[in-house]
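Have a look at the structure below, then the notes.
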Amino acid sequence: RRIGGITNLNSNVRVIGATNKNLLEESEKKSFRKDLLFRLNVITLIIPPLRERREDILLLANYFLKKKSPVRTPKMLSPEAEELLLSYTFNGNIRELDHIIERAIIFSDSEFISPDDLNLPHVFQKGVYNQASGDNDEIEEILSMEDLERWHIQKVLNKNHWDRTRTATQLGISPKTLYTKIKKYELRPVSF
């Protein structure tokens with residue numbers, strides 16, 4: 001029935017939901033309604049995380065590229081970028097891959113997306129680390145979040161020739177926040 005209406009309307013819907021929680025356990029702990037669980041739980045599909053489905057990474061990356069690239073100037077992954085994506089462990093799953101590709105499209109200056117354009121977190125490590133192969137012995141030091149933020153802001157500022165308005169827009173922050181971070185990290189322009 002519509003709000004304020006007097007006629008009942010029939011509907012036929014299928015609800016598809018996803019979660020990273022065990023809803024049966026959550027319903028036992030009373031943090032999810034048991035009656036709702038049994039109404040929704042007709043078919044349960046367990047999909048392994050992206051890091052366990054390496055064959056899907058490039059397929060999905062290219063799908064996101066086609067979906068999000070500008071029509072007139074479509075982007076493609078360089079072979080090096082493909083190799084880097086295949087070696088990365090996606091903790092954020094498909095959503096993380098989607099955001100990595102979107103960010104790379106924004107920051108890439110050419111038709112090919114390079115490994116630098118991907119901005120993967122393990123690229124910032126001072127040691128070489130291939131998470132897919134498990135070569136953990138080669139990690140020398142992992143930078144802090146502040147170091148990563150400082151590095152990223154400096155990179156985008158340099159790429160935009162210190163155009164602060166454009167940089168703030170690309171970073172998704174206000175110009176005031178950008179000015180605060182420039183001061184906090186004592187960032188300075190480099191010669192172009």
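Readers should treat all values here as calculations from the given coordinates under stated rules, not as data from a laboratory. Values in this document were obtained by computation on a predicted structure and should not be read as measured data. As a convention, Cβ positions derive from the backbone with ideal geometry for all residues, glycine included, and neighbour counts pool all protein chains shown.
Okay, here's what the table says:
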| quantity | calculated |
| --- | --- |
| FRET efficiency estimate (nearest 0.05) - Cβ-Cβ, residue 110 to residue 15, R0 45 angstrom | 0.55 |
| Relative exposure of 117, 147, 109, judged by other C-beta atoms within 10 Å (fewest first) | 109, 147, 117 |
| Average projected area [Cα convex hull, the range 143-192], square nanometres | 3.3 nm² |
| Near-label residues of the range 79-98 by backbone N, under 12 Å of a point 7 Å along Cα→Cβ of residue 58 | 79-87 |
| Convex hull volume of the range 1-77 per residue (C-alpha atoms, cubic angstrom) | 213 Å³ |
| Calculated on alpha-carbon atoms, Rg and Dmax of the chain in Å | 22.3, 71 |
| Long-range amide H partners of residue 76 with built H, under 5 Å | 112, 113 |
| Listed residues 44, 180, 169, most fluctuating in the chain (Gaussian network, C-alpha, under 10 Å) | 44 |
| Candidates 71, 13, 42, ranked by Gaussian network fluctuation over the chain, Cα under 10 Å, top entry | 13 |
| For the range 8-25, Karplus couplings with θ = phi - 60° (6.51, -1.76, 1.60), whole Hz, Gly/Pro x | 6, 10, 8, 9, 10, 10, 10, 9, 10, x, 9, 8, 9, 10, 8, 5, 5, 5 |
| GNM flexibility winner over the chain from 47, 57, 113 (Cα, springs under 10 Å) | 47 |
| Ratio of Rg to Rh over the range 1-42 (Cα coordinates, Kirkwood Rh, two decimals) | 1.17 |
| From phi via Karplus (6.51, -1.76, 1.60), per-residue ³J(HN,Hα) for the range 59-76 in Hz, x at Gly/Pro | 4, 5, 4, 5, 4, 5, 4, 5, 5, 10, 6, x, 4, 6, 10, x, 9, 9 |
| The chain, dipole about Cα centre (Lys/Arg Cβ +1, Asp/Glu Cβ -1), debye to the nearest 20 | 1560 debye |
| Excluding exposed DSSP-loop GluC sites (Glu not before Pro) (at most 16 other C-beta within 10 Å), longest clean stretch of the chain | 1-110 |
| Residue-averaged [θ]222 nm for the chain, counting only DSSP H segments that reach four residues, each worth -39500 (n - 2.57) | -13500 deg cm²/dmol |
| Under the Karplus curve 6.51 cos²θ - 1.76 cosθ + 1.60, θ = phi - 60°, whole-Hz ³J(HN,Hα) for the range 91-105, x wherever Gly or Pro sits | 5, x, 6, 5, 4, 5, 4, 4, 5, 4, 5, 4, 4, 5, 4 |
| Filter on 75/155; 159/181; 67/176; 75/181; 21/181; 68/181 - keep pairs with C-alpha separation over 26 Å | 67/176; 75/181; 21/181; 68/181 |
